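Bear in mind these aren't lab numbers, they're just calculated from the coordinates by the rules spelled out. Since the structure is predicted, the reported quantities are computational estimates derived from the model, not experimental observations. Positions of Cβ are generated from backbone atoms using ideal geometry, with glycine treated the same way; all protein chains shown enter the neighbour counts.
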Amino acid sequence: MSVVDMACLMGSLVLVAAPHALRAPWWLTLLTLCLYGWRVYFALNRAPLPSRWFVLAIAVVGILAVWFEQRTVFGRTSGIMLLLLFSGLKLLETRTHRDAMIVCFLAYFLIITNFLYTQSIPTAALMLAGVLCITATMVGFSAPARPIRANARTAILVLAHGVPAALVLFLLFPRVQGPLWGLPQDAYAAMTGMSDEMAPGNLARLALNDAIAFRAEFVGEPPAQRQLYWRGPVLWEFDGRSWKTGPSILARYEPPQEGGPKFRYSVVLEPHNREWLFALETASTLPDRARFTHDGQVLSAFPIRARMRYEMRSVAVNETRADEVPTLLGRALRLPEGFNPRAAALAREWAAASAGETEIMERGLSFLRAGRFTYTLEPPPLGRDSIDEFLFETKQGFCEHFASAFVFLMRSAGVPARVVMGYQGGDLNPVDRIVTVRQSDAHAWAEVFLRGRGWVRVDPTGAAAPMRVDSGVVRAMPDASPLPFLVRTEYQWVRALRYQWEAATYKWNVWVLGYNPDRQRELMSFVGLPDADWRALTATLFSILGVLTAALLAWSLRRLRPPDPVQRAWRAFCRKLARQGLERAPHEGPRDYSLRAARALPGARSAILHIAALYISLRYGEDESEARVRELRRRVRALRLA
Amino acid sequence: MIAGLLERRPRLANWLWGFTPPERGTVVLVHRRVYIVPTRLGAFFGATILVLVVGSINYSLSLGFALAFLLAGMGLAGMVHTARNLARTAVSVGRAHPVFAGEAAQFRLFLDGRSPFDRPSILARHVASGTQLVCDVPAGGIAEVVLGVPAKRRGWMPIGRVMLETRFPLGLFRAWSYIEPEARCLVYPRPDRSPLPASSASERAGSTRVQAAGNEDFAGLRAYQRSDSPRHIAWKAAARTGEMLTKQFSGEAAQELWLDWALLPPGLDAEARLSRLAGWALAAERAGATYGLRLPGNEIVPGRGDAHLAACLEALALYEHGKAA
């Protein structure tokens, strides 16, 4: 292998391994880079490669190191680490172009494993660059003497010619919903999202993350910011510090159908490895393969591990207007003994002084409103009686503090209440009118049960910091708060750019990444094959691929020089004479041949001599006019010998 | 097995390869004659794509599908490009200069791309001998390949079957085509460089009287004649005077040598005699002698020079060629 070939191979490898190297532990990145560099050294000095045993020893040490790092050599992270290591080791025993091709194939695996972490537009661009480099390298292997630029051009051409077939394959290859087998334990470790537990500081941490939780596309005008309550897990159980969902019970849940403005929208939910499907309060329909729980959560039948799109309808009502099962009302009053005595005492005071549940609720809200509470992402840490400390001492908290304290107060006063987690707000993209909800929009609020009205949504944070609900978390925060850069609003042009980018990303997510078996079915029914099974798909796929390949072949041969029309006419003339037994001898020039033919066929003498003269002047003379070529062809066609 | 079958049934081979040998003039590799199969690396590539697809299904990686299908599309396009790299190439064969048996006949193949694009990495391989060479056909140009085919026997040697193969651009497919152009090379008998100087042989033949050091004694210069050996041209004198002069050696004109088949030892078989005579002809030419050749049924009158030597050697090469072959 020449140095140029090795340089191309190395360049491609560095390009595709870079995203992994940035994530891998520092020693592995260093080791891999050393192995690459070592191979370059061998190539430059034409030194013999290290022995097989030496490479094997490095492999064993590397595998052991990965095991120490991960405590396993199976699983996703370890697998990728080993792949990175082997890409360097395989280079050390790469002698021929055939070995180098195997390294190229290894590079494809480096590309695809990066998709386990990200499948964004830049990742796709990086993939294209990587594939292009690898292809150019492969072209270089099969034509070592050619300049790199020519090889790069060929690579671009081959890839471009492959795109139509790739597109057809992408659309028509029968899609199956994965996974086909059990995935390694750490397969979904990287997903962020809500948990089913709410402890002080949980949501504040999540709010520092500007990752997208989901996007919603409304049919018609999206609701106002303050109506955007995206309902998630409902928390019933309090242990003095954190809230949990608690056991689920089988009870009928009637989704509301009327009672407020109705909204139709579709949600593209990012994978979060849980079952919750977030919906605008209050969901009135269910997506496919989903169910309502007794407390109105919308749960998918399986954890959301791939980006998922679903259609929803909601009615904007903030009360259920239904009765509740007595046991559940009991659960909605349960509190642990011996926590937060001051808050409990205050609540009992309110209960004694109030005429009804509604009044208790109002007292609670006005307490928060008047209490000069500070809404902050960095509340001071709280001790055992966290709610007492928050309400009466620190007075600084994020939404989980407000929700938790409010529900505690209500339960202490004898009003059934529960905590609801979800997202509040969202960013309306003026470019494509899509509402983007980020992890930083994570929110917690309360629901209290009022006789006659059912479960009623109450947002204690909204009482203490009204800006949060009206205009989002950003406006509600003091300036110096550590919110992610992209979420802040100071820079208008950054914001404008971001909206454009997000609109593109949304399209990308829906049309490229969101292309799944369901979408494929939709596409097939759109083109008029509503119940195409995998057999129909495969048949269509292969016929289109066949047509594409034939078209490509025809196109590439079309560019070849067509046979000379003069020569073609002359050949036809020779064939006609040959049928009369006058085959042209290899040594015979046109003049001798025509004279011989004219002697043998006196009837056609003048025609034969004329054709030969025409041919000679066109072939060997200066004459190249189209009219003479046409005349030759006409005369040859008109020649009758029999 | 298939190769053996085709060997026994030439007509089946002709049908399969799409031509009837030998082919006159320029051979165009129409795409009907270009065959294509995946290489072992191509099979590996297919397996890689398969694994990528299965992985994409398992982890629901849309971009993984995109990658796998992009590679599949690229492989398909690569197949067409590989076929295109060979299709419609025009192959013609140039003159092959005569060689002695035991040497390699140099067949010159001209590959005319007849295309606006270049056709790199075309391997020409002589099937019977395994000689092979790689060439790049430039865009709109012609590449020349010289295939050295070992000449084993004297007489006319046809070029035989030549395979043109390419794996460009991706190395995943191998396209090939067979040609059998009408081209032949004259093979002289292997010269027997036995220590028999022409003089002693002719001494025994008794037909001439040769002085032992015939061309050693410089006798003077005379005007150059076209049949004179370049070795005898007085280059220095020519450079000085601007006139071509030939050195003359004493007794040269008197020497007339007959290389006679009948006067060889009777124990020698025909091929050995031809070899001996070829060796003598070379030696006589080198010695600057005038020599003639007598074969049964053929006689070449004494003469000198390269054309005369070639005529003698051709007569030896084709002696009873029809029967021998």
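For this structure, a couple of remarks:
- Three-way shape label, the stretch A:197-492, alpha-carbon gyration tensor, a/c 1.5: oblate
- Estimated translational diffusion coefficient (Stokes-Einstein, Kirkwood radius over Cα pairs, 4 °C, 1.567 mPa s) of the stretch A:564-642: 104 µm² per second.
- Spacing of the two label points (7 Å from each Cα toward its C-beta) at A:GLN492 and A:ASP323, in nm: 5.8 nm
- The stretch A:271-350: GluC sites (Glu not before Pro) falling in loop per DSSP and having at most 12 other Cβ within 10 Å: A:GLU337
- Ordered from longest to shortest, the equivalent ellipsoid semi-axes for the protein assembly as shown are 93, 33, 22 Å, each the square root of 5 times a Cα gyration tensor eigenvalue.
- Amide N proximity, the stretch A:103-144 versus A:ALA59 label position 7 Å along Cα-to-Cβ, cut-off under 16 Å: A:103, A:106
- Positive-end ranking of A:GLY454, A:PHE406, A:ALA143 along the dipole of chain A, with charges on Cβ about the Cα centre, is headed by A:ALA143.
- Spin-label pair A:LEU33/A:ALA550, simplified geometry with 7 Å Cα→Cβ offset, distance in nm: 5.4 nm
- Contour excess over end-to-end distance, with Cα ends at B:VAL30 and B:GLU299 and 0.36 nm allotted per residue: 92.0 nm
- By other beta-carbon atoms within 10 Å, ranking A:VAL566, A:VAL435 with the fewest at the front produces A:VAL566, A:VAL435.
- By the rule of a C-alpha distance below 27 Å, with chain neighbours fewer than 8 residues away ignored, the lysines paired with A:LYS395 are A:LYS244.
- Of the residues A:TRP26, A:GLY356, A:ALA600, the one whose Cα sits farthest towards the positive end of the charge dipole of the protein assembly as shown is A:ALA600 (charges of +1 on Lys and Arg Cβ, -1 on Asp and Glu Cβ, taken about the Cα centre).
- Qualifying lysines (Cα of each under 28 Å from Cα of A:LYS262; at least 8 residues distant if same chain): A:LYS507
- Taking a ≥ b ≥ c as the square roots of the Cα gyration tensor eigenvalues, the stretch A:3-158 comes out oblate, since a/c reaches at least 1.5 and a/b does not exceed b/c.
- Förster-model FRET efficiency, 45 Å R0, B:ALA311 and A:HIS610, C-beta, rounded to 0.05: 0.55
- Kirkwood analysis of the stretch A:517-558, using all unique Cα-Cα pairs, places the hydrodynamic radius at 11.6 Å.
- Straight Cα distances below 16 angstrom link B:LYS247 to the aspartates and glutamates B:GLU216, B:ASP217, B:ASP228, B:GLU285, with same-chain residues fewer than 8 positions distant left out.
- Magnitude of the charge dipole, chain A, Cβ model with Lys/Arg +1 and Asp/Glu -1, debye to 20: 4500 debye
- Kirkwood estimate for the stretch A:394-448, i.e. one over the average of 1/r between Cα atoms, Å: 12.8 Å
- Rough spin-label spacing in nm, given labels placed 7 Å along Cα→Cβ, for A:ARG291 and A:LEU49: 5.7 nm
- Theoretical FRET efficiency, 1/(1+(r/R0)^6), r = Cβ-Cβ of A:ALA536 and A:ALA125, R0 35 Å, to 0.05: 0.55
- Expressed per residue, the C-alpha convex hull volume of the stretch A:298-353 stands at 231 Å³.
- Lys, Arg +1 and Asp, Glu -1 on Cβ, resulting dipole of the stretch A:244-393 about Cα centre, debye, nearest 20: 580 debye
- Dividing the radius of gyration of the alpha carbons in the stretch B:2-186 by their Kirkwood radius gives 1.09 for Rg/Rh.
- Computed over the alpha-carbon pairs of the stretch B:1-98, the distance histogram in 5 Å steps reads 3, 10, 13, 13, 13, 13, 10, 8, 7, 5, 3, 1, 0, 0 percent, short to long.
- The angle separating the long axis of helix A:52-70 from the principal Cα axis of greatest extent in chain A is about 20 degrees.
- Our estimate of slack between A:TYR620 and A:ASP99, defined as 0.36 nm per intervening residue step minus the Cα-Cα distance, is 182.2 nm.
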